[in-house]
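The structure appears right after this line, and notes come after that.
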Amino acid sequence: MNREDWLIQIINASIKSGKEILEVYNSEFAIEHKDDKSPLTEADKRAHLAIVSALEKIGLPILSEEGKHMDYAERKNWDKFWMVDPLDGTKEFIKRNGEFTVNIALIEDGKATMGVIYVPVTKTLYFADKLAYKIENFTSETTSINELLGNADQLPLSQTRTNYVVVGSRSHMSEETEAFINEQKEKHTEVDILSKGSSLKLCMVAEGAADAYPRFAPTMEWDTAAGQAIAVASGAKVINWDTKELMEYNKENLLNSWFLVSR
């Protein structure tokens, strides 16, 4: 398989996963709690299995939020692997607001280089490998990269707005984030806040609907890897707040530092 084949595989995996998620979303689902007390639904499990089944044939290791987490002693030697969040935005899923996503990224030598984010409820697909794209109403699996690109809009999309937009989380808003927003209000004539759940916040900067996404609160690597690949391919930056360098992946501790996504 070449890279185009890999991209098609992870796009199709996200579609399969999205269908599994929607079956649960449209039912009376039960909620469990993981060891860290965060919620887990049947949708997380089914999405994970659908993605792993689709990606195993490629032959690269898979690190998924819902899978077994390999010891660093083993995964530190991975030069390429898939970083997966089968259902990002479980709280949004439980609230039934539709703002949850399927996230699959290719990590190469610690960098997120290819990514897919699929929004099951709106059927919106974001994907990137060197360049970033968006497709609306994407529901069918594909076998042709040319057909895929023929229906896609390259990111960022053309914008006519003059305001400065900061995108934030519906579920998290720290004091530091509020301070960042206040700083922008001193620099720009008009600053607006766009609230989004899950990895959609990175997508908003990637497509140009927002100018910045400050995240000064905890996240895990699988929360951001696919979004970073898409944002960077669109010309945006995803910067570790401490090092001022691009965010890196497959660290011994999979917890992210604070970061800023900006154009």
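The values are calculated or read from the model by the stated rules, or taken from the named source; none is laboratory data. Bear in mind the structure is a predicted one, so any value in this text is a computation, not a measurement. Methodologically, a virtual Cβ is constructed for each residue, glycine included, from the backbone with ideal geometry; neighbour enumeration extends over all protein chains shown. With ligands, DNA and RNA removed, areas are computed over all heavy atoms of the protein, side chains included. Shrake-Rupley method; radii C 1.70, N 1.55, O 1.52, S 1.80 Å.
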May I ask which of 68/237; 187/251; 95/130; 68/91 have a Cα-Cα span longer than 27 Å here?
-> 68/237; 187/251; 95/130
Percent relative contact order for the range 108-180, counting Cα pairs under 8 Å at least six residues apart, stands at 19
Using a Gaussian network for the chain with springs between C-alpha atoms less than 10 Å apart, which of these wobbles most: 76, 134, 16?
-> 76
With every protein chain kept in the model, how would you rank 234, 195 by accessible area, 1.4 Å probe, largest at the top?
-> 195, 234
Across 184, 159, 228, the residue with the highest GNM fluctuation in the chain (Cα network, 10 Å cutoff) is 159
Which Rg and Dmax, in Å, describe the Cα atoms of the range 105-148?
-> 11.6, 33
With no solvent and one equal point scatterer per Cα, compute the Debye intensity ratio I(q)/I(0) for the range 131-221 at 0.16, 0.18, 0.19, 0.22 Å⁻¹ and report its log10, rounded to two decimals.
-> -0.75, -0.87, -0.93, -1.09
Accessible area of residue 254, 1.4 Å probe, to the nearest 10 Å²?
-> 20
Towards the positive end of the charge dipole of the range 70-145, with charges on Cβ (+1 Lys, Arg; -1 Asp, Glu), say which of 113, 135, 94 has the farthest Cα.
-> 94
Hey, could you grab the Kirkwood Rh for the range 1-77? Inverse mean 1/r over distinct alpha carbon pairs, Å, one decimal.
-> 14.0
Per-residue ellipticity at 222 nm attributable to helices in the chain (runs of n ≥ 4 DSSP H, -39500 (n - 2.57) apiece, nearest 500 deg cm²/dmol) works out to -10000 deg cm²/dmol
Run the 1.4 Å probe and let me know the accessible area of residue 252, rounded to the nearest 10 Å².
-> 130
If contacts are Cα pairs under 8 angstrom and at least 6 residues apart, what is the relative contact order of the chain in percent?
-> 18
Neighbourhood charge, 13 Å Cβ-Cβ cut-off, centred on residue 142 and excluding it, Lys, Arg +1 and Asp, Glu -1 = -3
List 124, 113, ordered by accessible area with a 1.4 Å probe, largest first = 113, 124
Kindly provide log₁₀ I(q)/I(0) values, in the same order as q = 0.08 Å⁻¹, from the Debye equation applied to equal alpha-carbon scatterers of the range 1-156.
-> -0.22
Nitroxide proxy distance, nm - points 7 Å out along Cα→Cβ at residue 19 and residue 74 = 3.1
Please report, largest first and rounded to whole Å, the three semi-axes of the ellipsoid equivalent to the chain, where each semi-axis is the square root of five times an eigenvalue of the C-alpha gyration tensor.
-> 26, 21, 20
Using a basic spin-label model with each label point 7 Å from the Cα along Cα→Cβ, how many nm lie between residue 255 and residue 151?
-> 4.2
Charge tally for neighbours of residue 252 with beta carbon under 10 Å away, counting Lys, Arg as +1 and Asp, Glu as -1, is +2
Tally Lys/Arg at +1 and Asp/Glu at -1 over every other residue whose Cβ is under 15 Å from the Cβ of residue 130; what's the total?
-> -1
Starting from the residue with the highest accessible area, list 69, 33, 48 in decreasing order, probe 1.4 Å.
-> 33, 69, 48
Please tell me the relative contact order of the range 156-263 in percent, rounded to the nearest whole number, where contacts are Cα pairs under 8 Å and at least six residues apart.
-> 29
Carbon and sulfur together cover what percent of the accessible area of the range 129-263 at a 1.4 Å probe radius?
-> 45
FRET efficiency for residue 188 and residue 158 from the Cβ-Cβ distance with R0 = 25 Å, rounded to 0.05, comes out at 0.80
Quick one: in the range 50-142, what % of C-alpha pairs are over 19 Å apart?
-> 47
With all protein chains in place and a 1.4 Å probe, residue 45 shows an accessible area in Å² (nearest 10) of 70
Which of 215, 161, 75 moves most in a GNM of the chain, Cα contacts under 10 Å?
-> 161
Which aspartates and glutamates have a Cα less than 18 Å from the Cα of residue 76, not counting those fewer than 8 places away in the same chain?
-> 65, 108, 109, 221, 248, 252
Residue-normalised accessible area of the chain, expressed per residue, 1.4 Å probe, Å² = 46
Cα centroid separation - the range 106-134 against the range 46-64, whole Å | 16
